[in-house]
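Chemist: This structure is in structure tokens; I'll ask about it shortly.
The values are calculated or read from the model by the stated rules, or taken from the named source; none is laboratory data. On a predicted model such as this, the values are computed, not experimentally measured, just so you know. Counting neighbours? That spans all protein chains shown, and the Cβs are built from the backbone with ideal geometry, glycine included.
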Amino acid sequence: MYGFRTKLAKRQKETSSLVCVGLDPLPEKMPKSIKKRFWLRQEWKAVAQWMIDIVDATAPYACMFKPQRAHYEAFRDGRKILTAIIDYIHEFHPDIPVFLDCKRGDIGRTQQRYRIAQFDIDGAEGINFNPYMGEGCMQSLVDEKNPGRAIVGLCYTSNPSARQVQDVKLESEELYWEFMAQNILNWAEELGITDDAGLVMAAAHEKPKGSGKIYSHHLSRVREIVGDKLWFLIPGIGIPGIGTQGSFIEETVKTAYSGPGTIAINSSSGIIFASSGDDYAEAAGKEAQKLSSQIIGSVRSTK
């Protein structure tokens, strides 16, 4: 039994794709054809079928699937929806790892409960966590009886307000996010989970907004800190300005990628909401293929 990162690397080699497909349903975006078939009978079946259709259509181009837990908690039968989708992926697409975006961050028994909820009940193979409460947040997610699970710490996120906190300069002259990158690596090494541990790192982005200048220093800097010891989950592809310009992808790949299993680049709304018509699944598949081609083109151009 190999670990998450090995499975991710194997999948990336097989598909020549670094695309992580985010499965984040919104009721107002549901295709009418799905709503007509299920909504009046059982809401949960409608949402589950919608996402399962997206899974099947995008699977040829996906190295990873990433459901965002809040998008399911907001439905009355959210856990039923989530587990139905994850169970489906495990049965029909077993080579594609499932990473649950949940960002839980607590300590002791509470974090252990989260561990059981996300890994054992939801069926995820990897999760992210908020490290603000220290090493205990990571330690309590480790289950020695189930090695190989991915545990990924929030480090440098793509939301603009994150700069108010993550870019604070410490007395050591480090930025806070740099300090956290080093600490998450240290914790992973102490806990013996370095092989599958990782960081959430934003994609290259325009800075300042409207300048046309692409900022990717955070990605080169974090590689200086952690080397290739940790892999990166990279959100941001699909937000305004990202994904519409190939150079953003190119800069992301150029500064972060160092071989299969080192990064996974997520896109959610840009793929799953590609169409609200009867062609919703086909459109999602085309967007995933398009993004995969853009990314792999950038990989080849950097060699």
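Chemist: Residues of the range 117-141 being aromatic (Phe, Trp, Tyr) and farther than 23 Å from LYS80 by Cβ, which ones?
Modeler: PHE129, TYR132
Chemist: Determine whether MET30 is more than 19 Å from ILE81 (Cα to Cα), modelled with pLDDT under 95 and of a type outside the set (Lys, Arg).
Modeler: Details: more than 19 Å from ILE81 (Cα to Cα): no; modelled with pLDDT under 95: yes; of a type outside the set (Lys, Arg): yes.
In short, no.
Chemist: Let me ask something else. For the range 257-303, give me each residue that is out of contact with any strand residue (DSSP E or B) (no Cβ under 9 Å at 6 or more places or on another chain), among the hydroxyl-bearing types (Ser, Thr, Tyr) and outside any helix (DSSP H, G or I).
Modeler: SER258, SER275, SER276, THR302
Chemist: Would it be correct to say that VAL200 is part of a helix (DSSP H, G or I) and either at pLDDT 85 or above or over 20 Å from PHE99 (Cβ atoms) (or both)?
Modeler: Values: part of a helix (DSSP H, G or I): no; either at pLDDT 85 or above or over 20 Å from PHE99 (Cβ atoms) (or both): yes.
It is false that VAL200 is part of a helix (DSSP H, G or I) and either at pLDDT 85 or above or over 20 Å from PHE99 (Cβ atoms) (or both).
Chemist: Next question, about the same structure. Can you give me the number of residues within the range 1-60 that are of a type in the set (Ser, Thr, Tyr), surrounded by fewer than 17 Cβ atoms within 10 Å (Cβ to Cβ) and part of a loop (DSSP other than H, G, I, E, B)?
Modeler: 2
Chemist: Only one of these conditions is not met by SER220: (1) at pLDDT 95 or above; (2) surrounded by 21 or more Cβ atoms within 10 Å (Cβ to Cβ); (3) assigned to a helix (DSSP H, G or I). Which number is it?
Modeler: With (1) at pLDDT 95 or above; (2) surrounded by 21 or more Cβ atoms within 10 Å (Cβ to Cβ); (3) assigned to a helix (DSSP H, G or I) applied to SER220, the lone miss is (2).
Chemist: Exactly one condition in (1) surrounded by fewer than 16 Cβ atoms within 10 Å (Cβ to Cβ); (2) modelled with pLDDT under 95; (3) within 19 Å of the chain's Cα centre (by Cα) is not met by ASN130; state its number.
Modeler: That leaves (2) as the condition not met.
Chemist: Would you tally the residues in the range 22-71 being among the hydroxyl-bearing types (Ser, Thr, Tyr) and in contact with a strand residue (DSSP E or B) (Cβ under 8 Å, 6 or more places away or on another chain)?
Modeler: Of the residues in that region, 2 qualify.
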